[in-house]
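Below you'll find the structure, written out as structure tokens, and then a few comments.
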Amino acid sequence: MLKEHVRMALGKVVDPLEQLELIDVLQRLGLSYHFEGEMKRILEGLYNKDQSGDTWRKENLYAISLKFRLLRQHGYNISQGVFNIFRDERGKFKACLYEDTQGMLSLYEASFLSTKSENILEEERDFATKHLQEYVKLNKYQSKTLSTIVSHALELPLHWRIIRFETRWFIDLYRSRKDMNPILLEHVEMDFNMVQAVHQEDLKQVSRWWKKNKLGENMIFARDRLMEIFFWSMGMIDQPQFGCCRINLTNLGSLMTIVDDVYDVYGTLDELKFFKDAIERWEINAMDRLPDYIKICFLILYNFVKEMAFDFLKEQGFHIIRYLKKAWADLCRSYLLEAKWYYGEYIPSLEEYLENAWISISTPVILMHAYFMVTNPITKEEFDCLEEYPKIFYWSSMILRLTDDLGTSAIC
């Protein structure tokens, strides 16, 4: 009943800015998955008006930035040129913008959806960040609500946040707003509790899987990161209907952590070679030369991949083991190379390191498994694209690798 009330409200709003604000609120409250069709209709209409030369709110920094962010987020090709109107004849941002803190905040959030070589958006981010930092210093004890929102955004932009954590924070903020809609608040409180219950059930299942396989007992040298990885998988895909994907991603991440620790901290070089050979052969008999602790690891991994492939074969009629096996074999080869470098006290060049490191960060394994978990239906043409890793696998891997290495460097 509450969902239908919100759906009707979406249909009744006709002012474009109010439509965008309602979509933004629904996303930040974690309710947007209920109204994807309605939101798409609204955004499609606003995008088409742009294409036809509509000059809607063209000098409203808040409105233009909000529209830019939401359209970019939903895959629409909107140009950074929409912000040129806020520059003077010298190409500098107009001085009057300094007084528009809400517009600056909206501009700041929009700037994080920039693409390569969009210099205007990079300049806008620096410009908005400087202004917002000054605003927080001057208004820390005055305009508390807006100051809190600005401080929250400066800590981490919305585009980089995990949705469910942001939702929990935003619910409290929304409750205190003067324009709060009681029906919407009641809906989000109920929905949040229901989704949380689904996530808790997912967590129970992955905990049972961990305990059933006695991974903590048999792999005492390995990190137990089950809860951390579950949060990570929830950050990737939080909608309640994708529980199976979250569970598989958590189990996958736990297995990758164990294999990583086998190669990094425990196995001898000979054992690591045998493990890599067993993964490449992908046969039960390949376990014979492995020590007992790696046999357990190999068998759990083998069964995990086999079960996932069996489910996919039942549902879509395609055999995917060779794709999953290739990803795991490539990962183990990259781990082995790093182990050889370590044992041989060899320091690779940056180019040599990155050529291997984009695989060893494990992103191709994650994306290969995740693709089969969520793609339905899948076509033969899509399978052909997976014969070699697509470019999106490579660039995603490089982003994660460099970010991970920067984090480790900062700790050191």
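Rule-based calculations on the coordinates, nothing more; no lab input. This structure is a prediction, so every number in the text was calculated from the model and none was measured. Neighbour counts are summed over all protein chains in view; Cβ atoms, including those assigned to glycine, are modelled from backbone coordinates with ideal geometry.
Observations on the model:
- For the residues Leu400, Leu350, Leu386, Leu367, the requirement of being of a type outside the set (Val, Ile, Thr) and closer than 28 Å to Asp270 by Cα singles out Leu350.
- Condition check for Asp224: in a loop (DSSP other than H, G, I, E, B), touching a helix residue (DSSP H, G or I) at 6+ places or on another chain (Cβ under 8 Å) and surrounded by fewer than 16 Cβ atoms within 10 Å (Cβ to Cβ): yes
Yes/no per residue for (1) over 23 Å from Pro390 (Cβ atoms); (2) of a type outside the set (A, V, I, L, M):
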{"residue": "Ile258", "(1), (2)": "yes, no"}
{"residue": "Asp264", "(1), (2)": "yes, yes"}
{"residue": "Phe275", "(1), (2)": "yes, yes"}
{"residue": "Leu301", "(1), (2)": "yes, no"}
{"residue": "Ala309", "(1), (2)": "no, no"}
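- Each residue in segment 276-298 was checked for being crowded, with 18+ Cβ neighbours inside 10 Å, within 35 Å of the chain's Cα centre (by Cα) and not in a helix (DSSP H, G or I), and 1 of them qualify.
- Number of positions in segment 1-33 that are under 22 Å from Gln239 (Cα atoms) and outside any helix (DSSP H, G or I): 4
- Checked across segment 91-110, the condition of being without any contact (Cβ under 8 Å) to a residue 24 or more places away in the chain, part of a loop (DSSP other than H, G, I, E, B), out of contact with any strand residue (DSSP E or B) (no Cβ under 8 Å at 6 or more places or on another chain) and surrounded by fewer than 20 Cβ atoms within 10 Å (Cβ to Cβ) holds for at least one residue.
- Pairs, first under 11 Å from Met398 (Cβ atoms) in segment 345-372, second surrounded by fewer than 18 Cβ atoms within 10 Å (Cβ to Cβ) and not small (Gly, Ala, Ser), C-beta under 7 Å, six or more apart: Trp358/Tyr394; Trp358/Met398; Ile361/Leu400; Ile361/Asp404; Thr363/Leu400
- Just one of (1) farther than 21 Å from Leu337 by Cβ; (2) without any contact (Cβ under 8 Å) to a residue 12 or more places away in the chain fails for Thr408. It is (1).
- Of all residues assigned to segment 246-258, none qualifies as being surrounded by fewer than 16 Cβ atoms within 10 Å (Cβ to Cβ) and either assigned to a helix (DSSP H, G or I) or among the basic types (Lys, Arg) (or both).
- Filter result (surrounded by fewer than 16 Cβ atoms within 10 Å (Cβ to Cβ) and assigned to a loop (DSSP other than H, G, I, E, B)) within segment 162-194: Ile162, Ser176, Arg177, Lys178, Asp179, Met180
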